[in-house]
Every structure is written in structure tokens, then in C-alpha cells.
Amino acid sequence: MFFQPSLHLRAVALLLFLFILLQSCGNGVHYEDRDVPSVWADMTLKLSKETPGNSPTYASRCLGYIGLTMYECMVPDYPERRSLAGQLSQLTSLPTPDSGNDYNYVLAMSAGQAKILRSVYNHTSDANKVSIDSLEMEIENYLRSSLPTEVADRSVSFGKRMAAAIFEWSKSDGGHRAYLRNFEKGMVHPDLPGSWKPPLFAQSFSHHPLHPFWGRNRPFLPANYEVEEPSFIPYDTTSGSAYYEQMKAVYETDLVLTQEQKEVALWWGDDPDDTFTPPGHSYYIAGMVLRANDEDAITRAETFARVGMAVADAFILCWRWKYQFFSERPNTFVSAFIDEEWESFWPDPPFPAFPSGHAIQAAAAATVLADLFGPDFVLTDRCHLGRRYDEERETGWVERPFTKFWDVALETADSRFYGGIHTAQDNEVGLVKGAEVGDNIGGLRWRR
């Protein structure tokens with residue numbers, strides 16, 4: 001009997017210790033510092049996919065501000081790296097940590113991600129808002145367990161101040177809450193030969209153009225104001241002309257699409273009603289690369305910032321030129337001059353054709369990733385595996401393997417040609433201009 005109370009007390013103490021340990025570790029969830037940027041990127045893609053009215057244009061903008069917030073919350077901890085304050089358009093300053101005080105910048109970044117997501121996706125569902133809150137508290141509870149209270153509080157406050165400052169800056173870019181005005185019903189369409197017409201066979205329920213004034217938005221980078229506008233093959237319905245042959249090539253390819261070409265067209269469609277959008281796909285691939293390389297937290301934050309701003313600026317330039325040239329898609333031309341009964345493999349999106357948005361953003365992202373990690377990288381994109389077989393197109397979802405970043409951009413562009421909604425010139429110009437945007441991102445002063 002003498003030893004029973006002692007054994008009982010030891011058992012109780014052990015159970016209490018285990019309970020406290022589990023609580024301090026976020027209910028058993030363990031976060032290495034490098035994990036935290038990636039799980040917030042996962043949350044970003046979840047919101048991009050599940051938030052109503054999230055067009056590719058608006059999604060690209062969100063990724064720019066979300067990635068930048070991630071980087072700026074962490075950069076004070078790395079003396080060899082620079083803040084982008086003073087380098088981006090009309091961004092003269094950002095909050096700085098108090099000199100002499102300790103911070104946990106991973107915790108600051110987590111708090112900043114939660115706040116910027118709530119801000120740019122304030123129209124997402126209540127369930128998604130709960131998901132943001134839950135992830136924020138899970139990470140905060142885990143990191144707080146090893147920090148003095150004042151350090152944790154200070155870190156959370158810094159992250160929230162950074163996100164608030166970046167969001168306030170975002171309000172003046174021309175795209176604030178643009179999901180409230182996705183389609184411009186009052187726009188007067190240019191009525192010129194070869195001009196875009198609202199499609200009958202459409203990807204969207206709307207026959208009004210998506211964000212026709214997006215090209216007026218403020219780019220992240222001042223250098224992207226200076227990108228030279230592309231040239232466009234003159235409209236010509238004469239058989240054998242350069243313009244006619246561009247359209248004819250789309251039509252003839254569609255008639256003999258291979259099964260793999262159909263799979264490529266389907267894979268990269270990234271309909272915003274069903275997926276995380278084309279720029280979200282680039283953000284996803286960046287996340288794949290970072291996990292495959294087991295990169296540290298600041299490299300992950302910088303990569304998401306670079307890719308986010310690259311796709312955002314790529315879409316601004318692309319939309320500027322789309323509504324400047326206001327060019328038709330193959331469905332319009334082919335049905336009028338080649339085959340009146342033809343329909344493209346993929347339905348037309350609700351905006352003009354030239355240049356390709358898929359191509360320009362994919363090229364910008366590929367250029368950024370190649371600059372960071374070298375041009376060669378073995379990856380297999382599996383993001384759409386498990387989706388329901390497309391009965392209408394008799395095509396399934398097949399993973400896409402790559403050995404070079406640029407090959408991802410090329411296939412993304414090719415997918416729109418196979419889909420029948422872009423000509424070769426749309427894609428070629430998109431790839432060239434996207435690479436310019438990516439190069440400009442690399443030209444920022446990221447290091448001291």
C-alpha cells in the first residue's frame with residue numbers, strides 16, 4: 001500500500017505533462033519554420049479556388065499582395081536581404097521592427113498572412129474565414145509555446161501591421177474589390193473588322209467583357225510600365241495571308257487533336273469556377289518546387305513574392321493589350337471564313353484574345369523560377385488528379401511531367417492552341433512578354 005499513492009501521482013503527472021505538451025504543439029501538429037510559408041500558400045490556393053467571383057485577373061492581383069506580405073514580414077531577420085519598400089510603384093515605406101527588441105518573424109509572417117487573406121478575400125465564405133482563423137491559431141499556439149509572451153505578442157503585432165500597410169497601399173492600384181465589377185455591361189465594343197465578339201460557345205455565363213480596364217491598374221514594378229507593346233499581324237481574310245493562316249492552323253489542329261493534346265488542353269484550362277485559376281496554378285508549381293528542394297522559410301517567402309508579383313504584373317500588361325487590340329478569337333473567324341459549323345475544343349473565355357493570358361503569366365512564373373533555381377528542374381504536376389472524367393470532351397486528367405521550367409510555360413501556352421481559343425501569335429507574344437516581366441522581377445534589388 002505504501003507505493004500506491006506514489007505510482008498514482010506519477011501517472012497523473014505523466015498524463016498532465018502529455019496534455020500540456022499536446023496543447024503547446026497545436027494539438028499534436030508540428031511546424032518547422034520552413035513549413036509555415038507553404039501551408040499559408042496552400043490556404044491561399046484554397047481560397048482562390050473556393051471564393052466566388054475570383055477571376056484570373058483578381059486572383060493574380062491577390063497573389064502579388066499575399067506573396068509580398070509573406071516576404072516583407074520575414075525580411076528584417078535577414079541582413080543580407082532587402083525590403084522592397086522604395087522599389088515598388090508608389091510604395092515608399094513599410095513598417096519596421098523596433099530596434100533592440102526580439103521578434104519571431106515566422107510568427108509575424110503567419111499573422112500577416114492571415115490578415116492579408118482576410119483583407120483581399122473578405123468576400124469568401126464564412127467557412128473559409130474559419131479556416132483562416134483556425135490555421136492562424138494553430139500555428140500561433142505552436143510557436144508561442146517556445147517564446148516569451150512579450151516576444152510573441154510583438155511578433156504578431158508586427159505581422160498584422162505589415163499586412164495592414166500593404167493592404168492600404170493595394171487600395172489605390174485600380175483593382176480594389178474588383179470582384180464587385182467583374183463584367184462591364186456598359187462598355188461600347190469597337191466594331192471593326194477582326195474585333196472581338198462575345199462568344200456563343202462560352203466558358204462564362206456572361207457575354208460582357210471581363211475587367212476591360214484592368215490594364216490601367218498600377219503594376220507592382222515601375223519597370224513594367226516601360227515594357228514595349230507588341231506588334232500584331234494585320235487583319236486579312238484572304239486565304240494564304242498571315243492572319244488567315246494563323247486562324248486556319250488552329251482549325252486544322254483541332255480536327256486532328258491527339259489524346260495527349262486533349263489532355264494538355266484540359267489540364268491547363270484552370271476554369272476559375274472549378275480551380276485556383278491559371279496564376280494560382282503557377283503559385284502551386286512554385287510551392288511544389290520549394291517542398292521538393294526543402295527550402296528554408298525565407299527562400300519560400302521570397303519565391304512566393306516573386307511569382308505572385310510576376311503573375312500580377314503579367315496580367316496587367318496582358319489586359320492592357322487585350323483591350324487595346326480587341327482581337328477576335330478563332331471561333332469568330334473560322335465560323336465566318338472557314339467552317340461555319342466549327343466549335344473549339346475548349347469554350348471561349350469572355351475577353352479578347354491577343355495576347356494569351358495563360359502564356360504570359362506562365363512565362364513570367366517560369367522565368368522567375370529558373371532565375372532562382374536554374375532552368376532544369378524535374379517535377380510532376382498532379383494538381384488535378386482525382387477530378388471527374390470530362391464526358392463532354394472524352395478526356396481524363398493525366399499528370400504532367402517536366403524537366404525544365406520553360407517547358408511548363410510552353411505547354412501552358414500550347415494548351416490554349418490545342419483548345420482552339422488562341423492562335424500561335426497570341427501564345428508567342430505572351431511567352432516573350434511574360435519572360436520580360438519575369439526578368440524585371442529578377443532585376444529588383446533583393447540582396448544587399
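No value in this document is a laboratory result; all are computed from the given coordinates. Here the structure is a predicted model, which means the values were calculated and not measured. Here the Cβ positions follow ideal geometry from the backbone for every residue, glycine too, while neighbour counts run over all protein chains shown.
Scattering from the C-alpha atoms of region 213-296 alone, worked out with Debye: what is log10 I(q)/I(0) at q = 0.12, 0.21 1/Å? Summing over Cα pairs of region 213-296 leads to -0.76, -1.07. Sparsely packed loop sites in region 334-396 (the GluC sites (Glu not before Pro) outside DSSP H, G, I, E and B with at most 11 other Cβ atoms within 10 Å) comprise GLU340, GLU341, GLU391, GLU392, GLU394. Once the gyration tensor of the Cα atoms in region 191-442 is diagonalised, the equivalent ellipsoid follows with semi-axes of 29, 22, 15 Å, ordered largest first.
Principal semi-axes of the equivalent ellipsoid, √(5λ) from the alpha carbon gyration tensor of the chain, are 45, 24, 19 Å from largest down. Please identify, among ALA297, ALA413, ALA336, the residue showing maximal mean-square fluctuation in a Gaussian network model of the chain using a 10 angstrom Cα cutoff. For the chain, modelled as a Gaussian network with Cα springs under 10 Å, the answer is ALA336.
Kindly provide the Kirkwood hydrodynamic radius of region 116-233 in Å, to one decimal, from all pairs of distinct alpha carbon atoms.
On the way: mean 1/r = 0.0532 Å⁻¹.
Final number for the Kirkwood radius of region 116-233 is 18.8 Å.
Any chance you could give the angle, 0 to 90 degrees and rounded to 10, that helix 149-170 forms with the longest Cα principal axis of the chain? Tilt relative to the chain: about 20 degrees. From helices alone, the chain scores -18000 deg cm²/dmol at 222 nm; the rule is -39500 (n - 2.57) for each run of n ≥ 4 DSSP H residues, then divide by the residue total.
The peptide list 279-292, 396-409, 169-182, put in order of mean Cβ contacts within 10 Å with the highest first, becomes 279-292, 396-409, 169-182.
If the limit is 21 Å between Cα atoms, which of LYS115/LYS171; LYS185/LYS433; LYS46/LYS115; LYS185/LYS322 go over it?
Working: LYS115/LYS171 15 Å; LYS185/LYS433 29 Å; LYS46/LYS115 16 Å; LYS185/LYS322 17 Å.
With Cα atoms farther than 21 Å apart: LYS185/LYS433.
The coefficient of translational diffusion for region 29-170, derived via Stokes-Einstein from the alpha carbon Kirkwood radius under 25 °C and 0.890 mPa s, stands at 159 µm²/s.
With a simple spin-label model that places each label point 7 Å from the Cα along the Cα-to-Cβ direction, the separation between LEU192 and ARG445 comes to 4.2 nm.
Count Lys and Arg as plus one, Asp and Glu as minus one, and take only other residues whose Cβ is under 12 Å from that of TRP346; the net charge is then -3.
Charge tally around ALA314: other residues with Cβ under 13 Å, Lys/Arg +1 each, Asp/Glu -1 each, net +2.
Give me the Kirkwood hydrodynamic radius of region 345-402 in Å, from all C-alpha pairs, to one decimal place? Write down the numbers at each step before the final one.
Details: mean 1/r = 0.0698 Å⁻¹.
Hydrodynamic radius (Kirkwood, Cα only) of region 345-402 equals 14.3 Å.
Would you mind counting up the charge near PRO355? Only other residues with Cβ under 15 Å from its Cβ, with Lys and Arg at +1 and Asp and Glu at -1. Counting the neighbours of PRO355, the net charge comes to -3.
Amide H contacts of PHE377: LYS404, PHE405, each under 5 Å away and 5 or more positions distant or on a separate chain (H built 1.01 Å from N in the peptide plane; Pro and chain starts excluded).
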